[in-house]
Each structure stands twice: as C-alpha cells, then as structure tokens.
Amino acid sequence: MHNKNNIGDASIEEFQKYGHELIDWVAGYLKNIENYPVLPNIKPGDIKKRLPENPPEKGEPLSEILADIDKIVMPGMTHWQHPSFMAYFNSTASGAGILGEILSAAFNTNGMLWKSAPASNEIEEVTINWFRQLIGLPNYFWGIIYDTASVSSMHAIAAAREYNQNLQIRQKGMINKELPKLRLYASEQAHSSIDKAALTLGIGLEGIRKIPVDNEFKMIPEELEKAIREDKQNGWLPFCVTATIGTTSTTSIDPVELIAPICRKENIWLHVDAAHAGVIAMVPEMKFILKGVEQADSFVVNPHKWMFVPIDLSLLYTKHPKILKSAFSLVPEYLKTAEDDLVNNYMDYGIQLGRRFRSLKFWFVMRYFGKEGLIAVYREHLRLGKLFASWIDNDPNFERLAPVPFSTVCFRAVPTKLKTEEELNKFNERLINEINSTGKLFLSHTKLNGVFTIRLVVSGLRTTEKHVYAAWDVIRKTFDSLLKSYRN
Ligand SMILES: *Cc1c(COP(=O)(O)O)cnc(C)c1O
C-alpha cells in the first residue's frame, strides 16, 4: 500500500488504515498508562543510539514508522499523562483536546490574518471571550493565544515598554543614548520567564529588581514601594511590575490588590502571571485569587497546564490591545486585506506571523467539560492537595515548608537523627532521587530559603485519591528504607 515511487503523499487508503491503527494505539496507551514507569530508566544518549546517524535515502512505509514508536520512542518517555506524575506543574491532555489537536493538524491553516483562516480567527476570539467569562475577568480585557506563558509574558513586557510613548522604543530601539535605564520588578519567587523576557527585550538582568517576599512567599508591597522610590532617585525609570498568582515553587499569591494601586500611582504597567493557577478562579469559593486583577494591564494563564488542553496554549489578556499592536504591528503590502479594520489580524499582536489553529482544541475542551465539569475536577484536586498536606502535618518524620493555597505541597523529611541543615538537605535530595527511581511516582524539588524542598502537585486530569494515597505510601516506604541504610 506504500507509495513505492516515493513521489506524492500517502494514499487515502494508507492514511485511513494507519490513522485507525494509531487511534487504537493512543487509546491503548491511555488505558494502560498506569503500567508504565512515570520516569524512564535510561541515560542521556540511549534514544539517539537507536536511531540511524543518517537521514533515510528511500521512503519507508507508515507501518514501519509507527512500529518504531514502541521500539524507540516509548523507552524514552516521561509520562506526563500518568496519574502519578506529580512533579513541576502538570500538563495533561484530555481526549477531547487530543482530538482537537489532530483536527488542527489536518486543516493545517495559518491564522496570520482573518482572511487566511476565518474560522480559526473567530473561534480564537470567541473561546478567549468564553474563558474570560469563566474566570470572571472584566470584559474590557482583550485576549490572544500564544504558545507558552514565557512568550505571553515577553509580549506583555514589550507592551509595557511601549506604553511609555516618550521612550520611542519602536522607532529608536534600546540603543538610544537619551533613554533612561528601564526597571522591571518581580518578586524573588517570580518565574524565570520574566527574567528571560528582560534578556530578550534588552532590559538586561540588571534591569530587573527582585522584591523580597514575606514568610508565605508573597511579594511585600511596602518593599516594592520602597524600591521604586529608591530607583527613581537613582535615575531608573520604573516601567513594569509583574505579580504572580501561583508562584512556581510554592503557588503563593502576590497581593495584587495592594500592588495595583502602587502601579497606578506611578503609572507603571502591571502584568499578572497566573500561568498555572489562574484557571482555579472558575471555582466560586476560589474567586478571591483574582482580587485586584481587574486593575492589571495584562494577565497570562495557561490552559495547557491545569485545563487539560494539550500543550501548547497560553492566553494573554490585556486592557491595551492598541499598545500591544503598536509594539509589534508591521503590515507588508502583500498582507494588507480589505477587512483590516473589522477584524483581529493576530499577526499584528506579536512576533510570529504564522499561527496554528490552537483554539480548536481549546474549544473542544471547554465544550466537553463545561464549566461544571472543570469545577468538579478542580475541587477534587484542591481537596486531594489539602489531604496530602494533612498527612505531612500529622507525621513527625515530615515537615511542611509553605502554605497550600491550591494543591501543591512543599515539604521535606526531618528524621530526628539528622541534626544540621546540610545533612537534612542531603537526605532529602537522596530521598527524592530514590522515590523517582521507583518509577511509581515523579516528584520535583525547589529550594526555599536554602532548604531543599520536595514538591507534590495534584493537578493531573487522571490523578485520583487512590494515586495520592499510593504516593504517600511510596514516600514513607522510601523514607524508612533510606533511613535504615543511612550512615550519612
Ligand atoms: C509554568 C509557568 C510559567 C512558564 O510557562 P511556559 O508556558 O512553559 O512558558 C511561567 N510562570 C508561571 C507562574 C508558571 O507556572
């Protein structure tokens, strides 16, 4: 059935046969996901070794290509779809999302302009608007889909720079001698993507000032005020503050309602990074997490994390689409269209020209779960996170290291026979390595005030109470056996 002449695409019959087989393979994968070790037991280079060094001379049949999924790909998989993946922040793909992803590859439109992909363009606008309503953002927020939160934040910070029109960044760039030194603020706990945006935009690492946090890892507004005052006296131009709702290490929530008035008073752009946790504002009793966001200038959230949309899909909302557009819009003659004044040509609002039909999978997921379905999953995740935290709190061998506003628990083991912080750090590092090498569970770590911290996150679509119990069991058993063997 393979096209032997190697000219032309797979025949429709070939496509259909292997398409069905592949869907069956995916269904089997998801059905048996728990049988795989969450982390593969391999070394760097093990997958490369299985691949030929040179590209194929002749075409190969789809049957052979697909057979290599089991042989070559599977041994090197960290299974993000596994219910015992409790590391980093989850990104799980739902069935509806996977189907949407397949369809967007099949259509393969390029949504640079309304005209180049009207359905993609309008479904993007509508789904962004739906999501805005789901989390209760005011309707003056305009939105756009990018690939990741890093890219969303980079665009937001570029808009913040453009907001001060006197700087003439668009015209003169950053190499203008009269340009004051620009200052960006974020808490010590902010995500590294904010630093990367500063690198990209010519702000530089020295242009970022990290604001201290309180004992719950939240930005201290008085420290922000003090820093701005000091910087202004020293010739800096404060232009942007990033607050985080759900920081990466501990999911702490910066007090946006106290930070926003400081930004307004100083006319500084306020960007809010809620990449992981923003979706939780859908839950009525969690609405408070967005307190103050109505005063922000931009806001980012990732449906590809805790909303079961396959990676990648990030949403950026802003009150000032015109400023974002003025930072990025350049329309060459060959891309001018008659509808330019009536539609969002999304290429005008960012670096990329070509864009995939990402909104399709987003639309599928929102329709499949509905608001009620999502809220039910979120409530269960929040409950399980608190349940796990209560086990940590009640076990004298363990200690919790941060509050649990969502379902991420920061903890460490504190065996009584270890006395120094250094010994404890070493023990906990060995503990997490041992846990992860069982293949039964995947946890990640961070450092909080120099303390080696283990994180357990419950935000995977397939994670249930049974898996959280099993995780606790693995943690305690590994702790016991490590302690027995431990001579430091
Ligand atoms: C995950 C995360 C990011 C980065 O997200 P990407 O989409 O991977 O770029 C940024 N900020 C926060 C708070 C995050 O949780």
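The values are calculated or read from the model by the stated rules, or taken from the named source; none is laboratory data. Since the model is a prediction, treat every value here as computed from it, not as a measurement. So basically every Cβ, Gly included, is an ideal-geometry build from the backbone, and we count neighbours across all protein chains shown. Only protein heavy atoms, including side chains, enter the accessible area calculation; ligands, DNA and RNA are left aside. Shrake-Rupley method; radii C 1.70, N 1.55, O 1.52, S 1.80 Å.
Highest mean first, what order results for 352-365, 123-136 on Cβ atoms within 10 Å? List each step's numbers first, then the result.
Numbers: 352-365: 22.0, 123-136: 18.1.
My ranking of the peptides, most packed first, is 352-365, 123-136.
For a quick protection proxy, order the peptides 215-226, 47-58 by their average other-Cβ count within 10 Å, most packed first.
Details: 215-226: 18.2, 47-58: 8.1.
Those peptides, ordered most packed to least, come out 215-226, 47-58.
Spacing of the modelled spin labels on residue 394 and residue 105, each 7 Å from Cα toward Cβ, amounts to 4.6 nm.
When peptides 471-482, 161-172 are sorted by average Cβ neighbour count within 10 Å, with the highest value leading, the order is 471-482, 161-172. Summed over qualifying helices (DSSP H, 4 residues or more, each -39500 (n - 2.57)) and divided by its residue number, the chain shows a 222 nm mean residue ellipticity of -13000 deg cm²/dmol. Relative to one another, the C-alpha centroids of the range 134-156 and the range 246-312 are positioned 10 Å apart.
Considering only DSSP beta bridges with both partners in the chain, what is the antiparallel share in %, to the nearest 5?
Values: 23 of 42 bridges.
Among the beta bridges of the chain, antiparallel pairing accounts for roughly 55 percent.
Straight Cα distances below 15 angstrom link residue 426 to the aspartates and glutamates 434, with same-chain residues fewer than 8 positions distant left out. Counting protein heavy atoms only, the chain has 54 percent of its accessible area on carbon and sulfur, 1.4 angstrom probe.
Determine the relative contact order of the range 110-356: mean sequence separation of Cα pairs under 8 Å and six or more apart, normalised by residue count, in whole percent.
On the way: 445 pairs, mean separation 65.8, N = 247.
With pairs under 8 Å counted, the relative contact order is 27 percent.
Quick check on my link table: of 419/484; 196/305; 210/265; 265/305; 48/196, which ones sit more than 26 Å apart, alpha carbon to alpha carbon? Each step should come with its number before you reach the end.
Details: 419/484 16 Å; 196/305 20 Å; 210/265 20 Å; 265/305 34 Å; 48/196 30 Å.
Those over the limit are 265/305; 48/196.
Look at where the Cα atoms of the range 1-72 and of the range 418-434 average out, and the two centres are 42 Å apart.
Could you tally the net charge around residue 299, taking each other residue with its Cβ under 12 Å from the Cβ of residue 299, Lys/Arg +1 and Asp/Glu -1? Could you put the intermediate results ahead of the total?
On the way: positive: 132, 319; negative: 273, 294, 297.
Surrounding charge for residue 299 is -1.
With a cut-off of 8 Å between alpha carbons and a minimum separation of six or more residues, what is the relative contact order of the range 329-488 in percent?
Numbers: 145 pairs, mean separation 28.3, N = 160.
Computed over the range 329-488, the figure is 18 percent.
Cross-link reach is defined here as a Cα-Cα straight distance under 17 Å, omitting same-chain residues fewer than 8 places apart; for residue 232 the aspartates and glutamates meeting it are 178, 206, 222, 223, 266.
Note on residue 338 and residue 421: their simple-model spin labels are 7.0 nm apart, each label 7 Å out from Cα toward Cβ. Using C-alpha pairs below 8 Å separated by at least 6 residues, the relative contact order for the chain is 21 percent. In this rough spin-label picture, where each label sits 7 Å from Cα along the Cβ direction, the residue 451-residue 230 distance is 2.6 nm. For the range 265-278, the Karplus equation 6.51 cos²θ - 1.76 cosθ + 1.60, evaluated at θ = phi - 60°, returns couplings of 4, 9, 6, 9, 5, 10, 9, 10, 9, 10, 3, 7, 8, x Hz by residue, with Gly and Pro reported as x.
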